[in-house]
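Beneath this line is the structure, given in structure tokens, with notes to follow.
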Amino acid sequence: MAGNAGPSMVCEQGNITLQCPKLTETNYPSWSILVETVLRAHGLWKTKLHHKSDNLSTLPEDVLLQVAKYKNAEEVWESIRIRYLGTDWVQKARLQILRGDLERLKMKDNETVTPRFPDNYDYGLNN
């Protein structure tokens, strides 16, 4: 698995053993792509949750407690997505904030770069 996906776990799905990345606070985007790809490759993407321990072993304990109330994989997946990414409108709001921050960081046409080095510093140019 990818190096940034976090530690990997072996998941038992019936009689199939799958290598799955462990979900962490920072790897949701790569985790979701990898897990979905592995499940689809083995024809398990639309499988119902029969034994949650078989399907959710890559989740941290606090996330597992959050999703324990759901009956099917789709509800579990959506709950995890919202926890790590937020709803669509939250994502759009975050994007707007980041765009505003970027605009404020851009240099204006009338601005120049002023060196912040002392005038009496020897830069090694007089050698």
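The values are calculated or read from the model by the stated rules, or taken from the named source; none is laboratory data. This one's a predicted model, so the numbers in the text were calculated from it and none came from an experiment. Note that we place each Cβ from the backbone using ideal geometry, even for glycine, and neighbour counts take in every protein chain shown.
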Going by the structure shown, is residue 38 surrounded by 12 or more Cβ atoms within 10 Å (Cβ to Cβ) and at pLDDT 80 or above? no
Residue count, region 60-113 (criterion: hydroxyl-bearing (Ser, Thr, Tyr) and either closer than 20 Å to residue 29 by Cα or not in a loop (DSSP other than H, G, I, E, B) (or both)): 3
Cβ-Cβ below 7 Å, separation at least six or inter-chain, first residue in region 25-40 and within 14 Å of residue 82 (Cα to Cα), second among the hydrophobic types (A, V, I, L, M, F, W, C) and loosely packed, with under 15 Cβ neighbours inside 10 Å: which pairs? 28/85
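Residue-wise test of (1) surrounded by fewer than 10 Cβ atoms within 10 Å (Cβ to Cβ); (2) modelled with pLDDT under 85; (3) over 20 Å from the mean Cα position of the chain (by Cα); (4) of a type in the set (S, T, N, Q).
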| residue | (1), (2), (3), (4) |
| --- | --- |
| 48 | yes, yes, yes, no |
| 60 | no, no, no, no |
| 69 | yes, no, yes, no |
| 81 | no, no, no, no |
| 94 | no, yes, no, no |
| 102 | yes, no, yes, no |
| 111 | yes, yes, yes, no |
